[in-house]
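Worksheet for the structure shown next.
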Amino acid sequence: MSAELFFQYLVAGVTYGIIYSIVAIGFNIIYNTTGIINFAQGEFVMLGGMTAVTLNGFMPLPAAIVVAVLVTMAIGALVEIVFIRWLVNPSVLRMIIITIGLSILIREIALHVWDEKVRALPYFTGTSVSSIEVGGVHISPQVLWVIGVCTVIVIILNFFFSCTSMGRQMRACSDNRNAARLCGISARNMVTLSFVLSAGIGALAGCVVSPITYVQYDSGTGLAIKGFTVAILGGLGNSMAAVAAGILLGVLESFSIWVMPTAFKDALSISILLIILFARPSGLFGSREVFSMKEF
Amino acid sequence: MLKIRNLEAGYGSLTVLRRVTMHVSPGEIVTMIGANGAGKTTLLSTLSGLVRARAGEVLFSGRDISGLPPEQRVAAGCSLVPEGRQVFQTMTVRENLLLGASVLRKRGEGSKTGEELDNVYHLFPVLRERQHQLAGTLSGGEQQMLAIGRAQMARPKLIMMDEPSMGLAPLVVKQIFFIVRKLRDEGITILLVEQNARAALGIADRGYVLETGRIIVQGPSEELLANRDVQRAYLGRDLDAER
């Protein structure tokens, strides 16, 4: 393998890896405040992409993306308020089954609204064939958009959780829910907020990646599986670890083409998920001690 | 300040509190003593809103709060220092204290957060020293101080404390109880739930004895300290042997 080809694979792997990490971060935000895995996370990504494609028919691209993100955030809030908020002390299993049901529901509604056609947003800059050459490697400008936007999301999230009072309150809910309530924090509002936040992040990711990966009514499922694998691989609830784990999975997938047929690419991530769940359920970077205290 | 009438509460089919009636007047330190399983923690959980009351009335400053969720009770000025401290382990000491002040903004007193933080640091100098440390790395006594400081950040009228002496060395217990008295001197009313009956009655104005969910004895602390049943059951005096 030539050095150029190696780097080409590496760039492709990192790009997909970052997309997976963003989905995984969406999982983590909701997991941290509620203790559940929101299996409708992939659908938020799909909704963001689809809504933006539709809106792009009526308005310029940047406006379409902003509105699509806002619409998806509103859907996230609605989903939480209608299906989750009113439950009194629901079990983890019950909440998870609700989110699985939600993901099917959203997918079917999307099928009715947008039919089965595969869509995509136009490239943000340039076209599908334009590329930037960096040291003999050809990189599509959209890849730079993906990496740039995702990096910004991670930085802003970090700032939000460590430096703002609302971010602190969300962390407090994940650390000790009852103690947070005794501090006068409305845990329910924090849960709604976590759904809004992860819906927004998912939608933004959906918009940025759609020129590369395309988007279809059911494209959320695949992303959700990859994102879930990455979240588990990094250690549930740990967003920084999710980025590292995402890039790791993306690069592994990318180089797997080298040794086995492309069709087995998805099998690879499922195998990794199974191995991690058997061997080290706390994730690569998670602490076993903390994991043993978690309900799920 | 706090008036409770015929309060009943429990979990599932289990009734823990039976017709509990008590009151706490402004500026008092009132203690509730009782053995393990008497219902002390359940009482405080019910008063703070974590457990729903089945029947009865809870009046706080003349207002019925029995239907309010915990966050609104804190906003009304009724804070709980929960059993086992329950500090936010993965967050720093300073963050823990700032979270305690969450209700100040809702009350429109957000500007007083800094002032109150200084106040807490003044009362607990060790917390200022450790302000950037994770709360989970503190010793038991320091965590208890942090839990009290966090409750104080909400500028409450009443602080309820659930076994602040639990698992602490005698010297640290002394320190904590000294602080409880200091808080009262600053105008905060205290409801202290304790297993350490002697120490609790030592600083309280009045006391109640809870047994299997019922209040069996009540009165001024000196009276309870002199009560033969209380002495036998809670103060560890073997009266027969002394005779």
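The values are calculated or read from the model by the stated rules, or taken from the named source; none is laboratory data. These numbers come from a predicted model, not from an experiment. Every residue, glycine among them, receives a Cβ derived from its backbone with ideal geometry; neighbour counts consider all protein chains shown.
B:MET22 falls short on exactly one of the conditions (1) in contact with a Leu (Cβ under 7 Å, 6 or more places away or on another chain); (2) surrounded by 18 or more Cβ atoms within 10 Å (Cβ to Cβ), and that condition is (1). When segment B:56-71 is limited to residues that are more than 18 Å from A:ALA187 (Cβ to Cβ) and not hydrophobic (A, V, I, L, M, F, W, C), the one that is surrounded by the most Cβ atoms within 10 Å (Cβ to Cβ) turns out to be B:SER66. If you check B:ALA101, B:ALA35, B:ALA53 for being surrounded by fewer than 19 Cβ atoms within 10 Å (Cβ to Cβ), more than 14 Å from the chain's Cα centre (by Cα) and of a type in the set (A, V, I, L, M, F, W, C), only one passes: B:ALA35.
Annotation note: Cβ proximity below 8 Å between a residue of segment B:95-109 that is at the interface with chain A (Cβ under 8 Å from one of its Cβ atoms) and a residue that is in a loop (DSSP other than H, G, I, E, B) and of a type in the set (D, E, K, R) (sequence gap 6+ or interchain) occurs for no pair. Here A:VAL152 fulfils each of the conditions (1) farther than 25 Å from A:ALA224 by Cα; (2) assigned to a helix (DSSP H, G or I); (3) of a type outside the set (Ser, Thr, Tyr); (4) without any contact (Cβ under 8 Å) to a residue 12 or more places away in the chain apart from (1). Close contacts from segment A:163-187, counting a first residue that is buried (at least 17 other Cβ atoms within 10 Å of the Cβ) and a second that is among the charged types (D, E, K, R) and not in a helix (DSSP H, G or I), with Cβ to Cβ under 9 Å and a gap of 6+ residues or different chains, come to A:ALA179/B:ARG85. Looking across segment B:55-83, the residues that are out of contact with any strand residue (DSSP E or B) (no Cβ under 6 Å at 6 or more places or on another chain), within 12 Å of chain A (Cβ to nearest Cβ) and closer than 20 Å to B:LEU17 by Cβ come down to B:LEU68, B:PRO69, B:PRO70, B:ARG73. The condition of being out of contact with any strand residue (DSSP E or B) (no Cβ under 9 Å at 6 or more places or on another chain) and farther than 15 Å from A:VAL196 by Cβ holds for only one of A:ILE30, A:ILE36, that being A:ILE36.
Is there a residue in segment A:221-230 that is at pLDDT 90 or above, hydrophobic (A, V, I, L, M, F, W, C), outside any helix (DSSP H, G or I) and farther than 22 Å from A:ALA110 by Cβ? No: zero hits. Counting only residues that are in contact (Cβ under 8 Å) with a residue 24 or more places away in the chain and not in a strand (DSSP E or B), segment B:51-65 holds 5 of them.
Within segment B:131-188, being touching a Lys or Arg at 6+ places or on another chain (Cβ under 8 Å) and surrounded by fewer than 21 Cβ atoms within 10 Å (Cβ to Cβ) holds for B:GLN131, B:HIS132, B:GLY140, B:ARG155.
Considering segment B:114-132, the residues that are touching a residue at least 12 places away in the same chain (Cβ under 8 Å) and more than 22 Å from the chain's Cα centre (by Cα) include one that is farthest from the other protein chains (Cβ to nearest Cβ), namely B:ARG130.
Residues are listed down the side, and each one gets a yes or a no for (1) touching a Ser or Thr at 6+ places or on another chain (Cβ under 9 Å); (2) farther than 15 Å from B:LEU123 by Cα:
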residue	(1), (2)
B:LEU138	no, yes
B:GLY149	no, no
B:PRO156	yes, yes
B:ILE159	yes, yes
B:SER165	no, yes
B:PHE178	no, no
B:ASP185	no, no
B:VAL193	yes, yes
B:ALA199	yes, yes
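Would you mind stating whether B:SER45 is among the small types (Gly, Ala, Ser) and buried (at least 18 other Cβ atoms within 10 Å of the Cβ)? Taking the combined requirement at face value, the residue satisfies it. Which residue out of A:SER140, A:SER103, A:SER130 is in contact (Cβ under 8 Å) with a residue 12 or more places away in the chain and under 20 Å from A:GLN8 (Cβ atoms)? From the options A:SER140, A:SER103, A:SER130, the qualifying one is A:SER140.
Of the residues making up segment B:204-221, those that are surrounded by fewer than 17 Cβ atoms within 10 Å (Cβ to Cβ) and without any contact (Cβ under 8 Å) to a residue 24 or more places away in the chain are B:ILE216, B:GLY219, B:PRO220. Does A:PHE83 qualify as being under 18 Å from A:THR192 (Cβ atoms), hydrophobic (A, V, I, L, M, F, W, C) and under 18 Å from the mean Cα position of the chain (by Cα)? No: the conditions fail for A:PHE83.
Here A:LEU157 meets the list (1) in contact with a Pro (Cβ under 9 Å, 6 or more places away or on another chain); (2) away from chain B (no Cβ under 14 Å); (3) over 27 Å from A:VAL118 (Cα atoms) almost entirely, failing just condition (1).
The requirement of being touching a residue at least 40 places away in the same chain (Cβ under 8 Å), more than 14 Å from chain B (Cβ to nearest Cβ) and under 18 Å from the mean Cα position of the chain (by Cα) is fulfilled nowhere in segment A:111-118; no residue meets it.
If you go through segment A:218-265 and keep only what is of a type in the set (Lys, Arg) and surrounded by 18 or more Cβ atoms within 10 Å (Cβ to Cβ), you end up with just A:LYS226.
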